Amino acid sequence: MVDAAPAQLPSPDSVARALEVLKGAKRPLIILGKGAAYAQADEAVRELVEKSGIPFLPMSMAKGLLPDTHPQSAGAARSMVLKDADVVVLVGARLNWLLSHGKGKTWGEPGSKTFIQIDLVKVVDAAPAQLPSPDSVARALEVLKGAKRPLIILGKGAAYAQADEAVRELVEKSGIPFLPMSMAKGLLPDTHPQSAGAARSMVLKDADVVVLVGARLNWLLSHGKGKTWGEPGSKTFIQIDCRTARARPGASRGRRPSSRSTSSRARWTATWRSWRRWSATSGPASRR
């Protein structure tokens with residue numbers, strides 16, 4: 001059994017009614033919830049928002065689906081849009097206590113709102129995971145073997161795949177420092193000796209080989225370009241996709257990042273030296 005409650009398509013009548021309501025809206029609003037994040041619906045959400053032209057508000061667990069700087073983001077006017085909106089589209093969100101159950105002063109005059117709910121459930125992957133070819137694995141290992149300052153970046157895909165143990169094994173057996181993206185915090189603790197969170201700017205700039213585990217080189221990572229990444233062409237990226245049939249609620253949240261350490265540069269220079277010594281003697285392919 002993949003899902004105890006399989007996703008069902010809404011009836012054509014309910015879709016037509018929702019579209020009719022939206023068509024007559026004067027001040028519509030889209031609220032993005034964690035369901036949209038768990039379903040990995042980034043592209044569908046972006047298309048809905050940008051083609052409709054409707055402003056949006058992300059719930060805390062849906063931050064990152066679209067940037068806060070997006071021209072349709074209503075985050076800076078949250079109180080006003082919640083009060084003034086006449087039609088609210090809930091995308092992967094519920095009218096629970098986090099949204100005051102759609103009642104109270106937050107929502108303006110009683111009965112002034114119409115809510116449309118869009119449930120997002122990821123039952124299976126549209127594109128099933130495929131094992132990489134032996135040649136691509138060999139090339140990746142060869143690149144890692146020659147790395148002087150490697151870095152692992154953990155993305156939301158690793159959290160959705162519930163890959164906690166695999167991630168820990170990869171990090172600790174390789175000895176490579178890691179950085180978690182916001183939605184991958186909690187896979188490993190911020191206090192882990194290989195966490196590079198306190199030296200984020202430095203490691204992004206200085207790393208020569210970057211292993212993306214369940215992460216993409218999208219706008220969150222400046223597409224691997226710009227001042228964040230140091231000299232142009234100084235990086236080699238290795239991408240490891242993580243796929244899963246079901247998302248795990250709460251997998252993407254952890255503690256706040258630890259404060260920056262004054263000795264971070266010395267700490268990570270030492271870490272990378274240790275990696276270099278290990279790589280020269282054994283290499284990733286023979287490590288167990």
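The values are calculated or read from the model by the stated rules, or taken from the named source; none is laboratory data. All figures in this text were calculated on a predicted structure; none of them were measured in a lab. As a convention, Cβ positions derive from the backbone with ideal geometry for all residues, glycine included, and neighbour counts pool all protein chains shown.
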Report summary line: Selection from segment 47-88 of residues β-branched (Val, Ile, Thr) and closer than 29 Å to Leu221 by Cβ yields Val49, Ile54, Thr69
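Residue-by-condition table, conditions (1) modelled with pLDDT of 80 or more; (2) surrounded by 13 or more Cβ atoms within 10 Å (Cβ to Cβ); (3) more than 27 Å from Ala37 (Cβ to Cβ):
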| site | (1), (2), (3) |
| --- | --- |
| Val81 | yes, yes, no |
| Ala85 | yes, yes, no |
| Gly102 | yes, yes, no |
| Trp107 | yes, yes, no |
| Gly111 | yes, no, yes |
| Thr114 | yes, yes, no |
| Ala140 | yes, yes, yes |
Query raised in the report: What number goes with the only condition from (1) under 28 Å from Leu66 (Cα atoms); (2) more than 13 Å from the chain's Cα centre (by Cα); (3) in contact (Cβ under 8 Å) with a residue 12 or more places away in the chain that Ser222 does not pass?
Result: (3)
Requested in this report: Considering only segment 85-118, state which residues are more than 27 Å from the chain's Cα centre (by Cα), closer than 21 Å to Leu19 by Cα, assigned to a loop (DSSP other than H, G, I, E, B) and touching a residue at least 12 places away in the same chain (Cβ under 8 Å).
Outcome: Ala85, Asp86, Ser112, Lys113
Report summary line: The helices (runs of 4 or more DSSP H) lying wholly within segment 9-63 that contain at least 1 residues that are among the aliphatic types (A, V, I, L, M) and surrounded by fewer than 16 Cβ atoms within 10 Å (Cβ to Cβ) are 12-23, 42-52
